[in-house]
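Written out below as structure tokens is the structure these notes cover.
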Amino acid sequence: MTPATRQEVLGLYRKVLQIAKNWQSASGQIEETMREKEYIRNEARTLFRKNKNVTDPGLIKQCIEECEARIEIGLHYNIPYPRPIHLPPMGLAHKRGRTLRHQEKLRTISKPIYLKSHDEIS
């Protein structure tokens with residue numbers, strides 16, 4: 001990892017922790033605000049620790065883009081949790097075959113960048 005990339009990643013981590021510190025839930029209830037703040041901190045710790053040994057520049061760039069997307073979406077919609085999405089449904093394909101592979105490929109392609117790592121830790 002280059003020093004510039006390292007500084008960018010550390011800056012994102014600090015930004016997420018700062019957002020968690022100043023977070024206010026949409027409902028304004030103290031209990032919900034505390035729960036959401038804790039979720040933001042835990043999610044950041046988990047994902048940054050999981051990816052701390054990544055050395056591939058392309059994968060690092062993808063992780064940075066995912067983090068920035070989740071920050072923007074969270075601030076815009078005022079929800080810390082990943083937004084639900086509508087993936088193409090799995091049809092009645094056979095257990096093997098071209099149709100099943102095609103459906104799995106469609107689901108992989110249509111998954112937005114801000115949810116790439118969410119399924120891995122859930």
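Being in a helix (DSSP H, G or I), in contact (Cβ under 8 Å) with a residue 40 or more places away in the chain and open to solvent by 80 Å² or more (accessible area, probe 1.4 Å) is the filter here; which residues of the stretch 50-64 pass it?
K50, P57 - these are the residues of the stretch 50-64 that are in a helix (DSSP H, G or I), in contact (Cβ under 8 Å) with a residue 40 or more places away in the chain and open to solvent by 80 Å² or more (accessible area, probe 1.4 Å).
When you look at E32, is it of a type in the set (D, E, K, R), at pLDDT 90 or above, open to solvent by less than 40 Å² (accessible area, probe 1.4 Å) and assigned to a helix (DSSP H, G or I), yes or no?
no
Considering the stretch 20-29 alone, what residues qualify as being open to solvent by 60 Å² or more (accessible area, probe 1.4 Å) and either in a helix (DSSP H, G or I) or touching a Pro at 6+ places or on another chain (Cβ under 9 Å) (or both)?
K21, N22 - these are the residues of the stretch 20-29 that are open to solvent by 60 Å² or more (accessible area, probe 1.4 Å) and either in a helix (DSSP H, G or I) or touching a Pro at 6+ places or on another chain (Cβ under 9 Å) (or both).
What residue, of L10, L17, L75, is part of a helix (DSSP H, G or I), of a type in the set (A, V, I, L, M, F, W, C), modelled with pLDDT of 90 or more and surrounded by fewer than 12 Cβ atoms within 10 Å (Cβ to Cβ)?
Matching residue, one of L10, L17, L75: L10.
The values are calculated or read from the model by the stated rules, or taken from the named source; none is laboratory data. The shown structure was predicted, so the numbers you read here are calculated from the model rather than taken from an experiment. Note that each Cβ is placed from the backbone with ideal geometry, even for glycine, and that neighbours are counted across all protein chains shown. Keep in mind that these areas ignore ligands, DNA and RNA; they rest on the heavy atoms of the full protein, side chains included. Shrake-Rupley method; radii C 1.70, N 1.55, O 1.52, S 1.80 Å.
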